[in-house]
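Below is one structure, written out as structure tokens; the observations come after it.
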Amino acid sequence: MDIYLLKSRFGSFKKRLNGIYITSNNLVEKLDDIENEDYMISLIIEHTSVTTLQKNALNKFSNLLQLGICYSNVTSLPKHLFDNLLLVESLILSNNKISYLSQGLFAKLKKLKYLSLSHNNITSLEKHTFFGVSSLESLDMSFNKITTINDDALSFLPQLDYLKLNNNRLKKFNEEILKKLTKLEHFDISFNKITTINDDIFLSLPQLVYLKLNNNRLKQFNKEILTKLTKIEHFDISNNCEKLIHNK
């Protein structure tokens, strides 16, 4: 087991061990194999043989501020898995094989600010997928297989300023999905299969700085929308239909 000491260099050994990083370790087959101490605030597990998580697997890690389970072939997340992680601010579940997110899965994570589920097999975002995480500021759902997003799926995220939906399988993107994300600054929906997008979808995003629509199948786009996005610094609409029409 590779253990890396994080944070403070001072004090006793126990006080110094604020985080554990486990990587490339076939001995860790389930989270019960990992001992917990009250002072541990960070747990990162990568490239292990962990594939299944029981609903109470994380109960003993109630002091965590950061949790990462990556590159471990996890296929599912039990509905109440995170219920005891009331202090967690960063949750990284990228590069697994997760295909479904239970509605209300993250409901108890009131302090969560960063969530990454990139590089999984997720196919849809339902109405209450992100219910309860009103403090979330950054959401990365890139490199999944998402084909549908409920109009209200992101409506519980008023603080969100960073959203990545690139490299999915979206063919349409309804205006209502972004309507309540008034603080959004970074939005990437590139490398999908979107053919049309309502021009008005961006009018509810006054803080938008970074916008990527490239590598879709858009047939037209009203370029005057950009004049209403007064903070925009980066905009990419390249590699869409060859005859993309920029309406005035």
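The values are calculated or read from the model by the stated rules, or taken from the named source; none is laboratory data. Keep in mind that this is a model prediction, so the values were computed, not measured. We place every Cβ from the backbone using ideal geometry, glycine too, and count neighbours over all the protein chains shown.
List of remarks:
- Residues that are in a loop (DSSP other than H, G, I, E, B) and either buried (at least 21 other Cβ atoms within 10 Å of the Cβ) or touching a residue at least 60 places away in the same chain (Cβ under 8 Å) (or both), drawn from region 171-185: Leu181, Leu184
- Every pair of residues 6+ apart whose Cβ atoms lie under 8 Å, when the first sits in region 216-232 and is in the same structural domain as Asn168 (by TED's automatic domain parsing) while the second is among the aromatic types (Phe, Trp, Tyr) and assigned to a helix (DSSP H, G or I): Ile225/Phe202; Lys228/Phe202; Leu229/Phe202
- Odd one out for Gly132, checked against (1) within 16 Å of the chain's Cα centre (by Cα); (2) at negative phi: (2)
- Residue among Asn95, Asn84 that is closer than 22 Å to Asn166 by Cα and either in contact (Cβ under 8 Å) with a residue 24 or more places away in the chain or not assigned by TED's automatic domain parsing to the domain that holds Lys180 (or both): Asn95
- Those residues of region 186-213 which are in a loop (DSSP other than H, G, I, E, B) and surrounded by fewer than 18 Cβ atoms within 10 Å (Cβ to Cβ), in sequence order: Lys193, Thr195, Asn198, Leu203, Ser204, Pro206, Gln207, Val209
- Among (1) surrounded by 18 or more Cβ atoms within 10 Å (Cβ to Cβ); (2) in contact with a Leu (Cβ under 9 Å, 6 or more places away or on another chain), the one test that Ser72 misses: (2)
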